[in-house]
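Handing you this structure, nothing more for now.
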């Protein structure tokens with residue numbers, strides 16, 4: 001479909017949601033990361049049973065963790081290289097860059113990655 005849109009002179013902007021998952025909060029269903037290892041994917045409160053939730057989505061993926069950042073980059077790479085998407089709109093992008101306790105956000109790596117991938121087009 002993307003190639004057909006490009007033939008018609010239409011660029012494709014994909015709305016991506018990397019800030020949260022459908023697992024919602026501690027009462028939500030176990031669909032993926034919750035069943036693997038909460039602390040390896042989500043921002044948790046001092047009580048690791050509970051998720052940080054400052055966007056109203058029930059949970060927040062932790063973009064400061066290398067495996068989460070890699071997940072984002074792999075997904076973006078797929079959409080750029082395989083599906084030929086032209087640009088992205090990041091849902092609640094500010095949640096990805098939120099830093100706690102003076103930590104440096106690895107989202108800067110994600111932004112650099114996007115710039116590099118975009119320049120290869």
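How high is the FRET efficiency from residue 6 to residue 93, r the C-beta distance, R0 25 Å, rounded to 0.05?
0.50
Mind pulling the per residue volume of the convex hull built on the Cα atoms of the stretch 20-60? Å³ is fine.
Taking the convex hull of the Cα positions in the stretch 20-60, it is 57 Å³ per residue.
Subtract the Cα-Cα distance of residue 75 and residue 37 from 0.36 nm times their separation in residues, and report this length gain in nm to one decimal.
11.7 nm
Shifting gears a bit: What distance in nm lies between label points placed 7 Å from Cα along the C-beta direction at residue 50 and residue 82?
For the pair residue 50/residue 82, the computed spacing is 3.9 nm.
Ok, one more. Relative contact order for the stretch 20-60 using alpha-carbon pairs under 8 Å, separation at least 6, rounded to a whole percent?
43 percent
Among 60, 80, which comes first, second and so on when ranked by fewest other beta-carbon atoms within 10 Å?
80, 60
Just so you know, all these numbers are worked out from the coordinates, no wet-lab data involved. Since the model is a prediction, treat every value here as computed from it, not as a measurement. Backbone-built Cβ (ideal geometry, glycine too); neighbour counts: all protein chains shown.
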